[in-house]
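Colleague: This structure is in structure tokens; I'll ask about it shortly.
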Amino acid sequence: MKELQTFPRVALGLFPTPTQKLENVSRRFHANVYLKRDDLTGLGLGGNKVRKLEFLLADAKARRAEVVFTTGGAQSNHAMLTAAAANRLGMKPILILKQRGVTARRGNQLLEHLMGTDVRFMDTDSYDDIYAEMDRVGKALGVPYYKIPCGGSNALGSLGYVACAEEIAGQGMRFDHLVCAEGSGGTMAGLALGAKLFLPGTRVHGMMVDSDPFEEITLRLMREAAALMEAELDISAADFSLRDLCGPGYAIASPEGSEAVRLLAETEGLFLDPVYTGKAFAGLIQMLTDGTVQPGENVLFLHSGGAGGLFAVEMEEEE
């Protein structure tokens with residue numbers, strides 16, 4: 001098997017990120033609940049995409065790209081962080097985003113404005129249309145360009161979270177459960193593959209915040225990332241579990257997600273976002289109350305960032 005250290009990477013983040021126990025949440029739910037602070041990865045407002053971009057933008061540089069394209073919704077954390085990383089590395093970012101969600105100069109749109117990012121919107125629900133537009137624009141520019149898929153979620157990007165699992169193993173604690181948001185598949189796939197390699201006995205749970213076929217997506221990305229690593233593994237849906245936390249729709253706050261945001265703010269002084277981590281933490285609360293997590297077990301929640309969403313997306317209010 002190829003070691004992760006053999007893959008080219010660019011240094012973008014501050015690693016390892018810390019792990020901290022949520023003392024008040026742990027007492028409330030009679031389990032040991034910890035937070036992996038990937039909201040502190042050190043670029044922009046932090047977040048999980050930094051780990052993926054270290055691999056993806058190393059590939060872009062190797063291909064001598066002068067322009068980097070990516071996509072997502074209007075408030076995509078991944079798109080904002082890609083722009084920040086490309087700027088740092090001397091490449092021009094162009095974001096071609098779905099004209100869905102909050103397009104006003106709030107949240108990540110404000111951050112992209114501050115970075116002077118070229119942001120374009122397309123009124124489409126098809127990423128195929130957007131990737132075709134990237135090719136059209138790139139060819140018109142006449143310079144080498146590089147396309148990063150939505151969320152950075154391909155096999156190479158997923159290696160960022162295989163590396164995260166290895167990092168968790170090296171921090172010396174054993175976890176019964178590892179929980180993350182699943183929005184485009186790469187983070188979940190990387191963690192599930194990494195758990196098979198480095199975290200024996202840890203069950204990985206993905207909290208689905210969109211309506212895509214995530215079992216299929218996760219399996220495909222796990223297998224493709226394992227192939228990159230030349231790791232001969234029997235990968236199946238038994239390697240992870242999924243829960244539907246999408247609620248009223250992608251990028252739309254849910255009542256339970258908003259309540260989870262408030263809970264962590266009130267009890268621990270920490271902030272989640274209403275689109276990804278708030279919904280995912282609501283799923284963790286379900287696990288803590290429905291018997292999935294047994295009293296005294298150790299649970300690690302991946303805080304994947306997304307602070308910009310707090311300043312763009314309207315949260316559900318309590319009755």
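The values are calculated or read from the model by the stated rules, or taken from the named source; none is laboratory data. Nothing here was measured: the structure is a model prediction, and the numbers come from that model. Backbone-built Cβ (ideal geometry, glycine too); neighbour counts: all protein chains shown.
Colleague: Could you please let me know if Asp176 is free of Cβ contacts under 8 Å to residues at least 60 places away in the same chain and either within 12 Å of Lys279 (Cβ to Cβ) or of a type in the set (Asp, Glu) (or both)?
Modeller: When the stated conditions are applied, Asp176 does not pass them.
Colleague: While we're looking at this one, here's another question. Return the residues of the stretch 9-25 that are closer than 22 Å to Ala86 by Cα and either loosely packed, with under 12 Cβ neighbours inside 10 Å or among the acidic types (Asp, Glu) (or both); say none if nothing qualifies.
Modeller: Matches in the stretch 9-25: Ala11 only.
Colleague: Further question on the same structure: In the stretch 45-72, how many are closer than 27 Å to Arg100 by Cα, under 15 Å from the mean Cα position of the chain (by Cα) and surrounded by 24 or more Cβ atoms within 10 Å (Cβ to Cβ)?
Modeller: Counting residues in the stretch 45-72 that are closer than 27 Å to Arg100 by Cα, under 15 Å from the mean Cα position of the chain (by Cα) and surrounded by 24 or more Cβ atoms within 10 Å (Cβ to Cβ) gives 11.
Colleague: When only residues in the stretch 77-101 that are within 17 Å of Gly308 (Cβ to Cβ) and modelled with pLDDT under 95 count, which is surrounded by the most Cβ atoms within 10 Å (Cβ to Cβ)?
Modeller: Gly101
Colleague: OK, next. Within the stretch 240-274, restricting attention to residues that are of a type in the set (Phe, Trp, Tyr) and surrounded by 18 or more Cβ atoms within 10 Å (Cβ to Cβ), which residue is nearest to Met208 (Cα to Cα)?
Modeller: Among residues in the stretch 240-274 that are of a type in the set (Phe, Trp, Tyr) and surrounded by 18 or more Cβ atoms within 10 Å (Cβ to Cβ), the one nearest to Met208 (Cα to Cα) is Tyr250.
Colleague: Conditions first: (1) under 16 Å from the mean Cα position of the chain (by Cα); (2) more than 19 Å from Leu43 (Cβ to Cβ); (3) in a loop (DSSP other than H, G, I, E, B). Gln75 passes all but one, so which condition is the exception?
Modeller: (2) is the only condition that Gln75 fails.
Colleague: Continuing with the same structure: Is it true that Lys49 is of a type in the set (D, E, K, R) and free of Cβ contacts under 8 Å to residues at least 24 places away in the same chain?
Modeller: Considered against the rule, which asks whether it is of a type in the set (D, E, K, R) and free of Cβ contacts under 8 Å to residues at least 24 places away in the same chain, Lys49 comes out as no.
Colleague: Quick one: which of Ser184, Ser236, Ser254 is of a type outside the set (Phe, Trp, Tyr) and without any contact (Cβ under 8 Å) to a residue 24 or more places away in the chain?
Modeller: From the options Ser184, Ser236, Ser254, the qualifying one is Ser236.
Colleague: Name the pairs: first residue in the stretch 1-14 and under 18 Å from Phe198 (Cα atoms), second residue part of a loop (DSSP other than H, G, I, E, B), Cβ to Cβ under 6 Å, at least 6 apart or on different chains?
Modeller: From the stretch 1-14, the pairs are Met1/Met229; Met1/Glu230; Met1/Ala231; Lys2/Met229; Lys2/Glu230.
Colleague: Any residue in the stretch 152-159 that is in contact with a strand residue (DSSP E or B) (Cβ under 7 Å, 6 or more places away or on another chain), closer than 26 Å to Pro274 by Cα and surrounded by 21 or more Cβ atoms within 10 Å (Cβ to Cβ)?
Modeller: no
Colleague: Where residues in the stretch 204-231 are over 23 Å from Glu3 (Cα atoms) and among the charged types (D, E, K, R), which of them is surrounded by the fewest Cβ atoms within 10 Å (Cβ to Cβ)?
Modeller: In this case the residue turns out to be Glu216.
Colleague: What tally of residues in the stretch 191-241 results from selecting those that are part of a strand (DSSP E or B) and either farther than 29 Å from Gly257 by Cβ or of a type in the set (Gly, Ala, Ser) (or both)?
Modeller: So the count comes out to 2.
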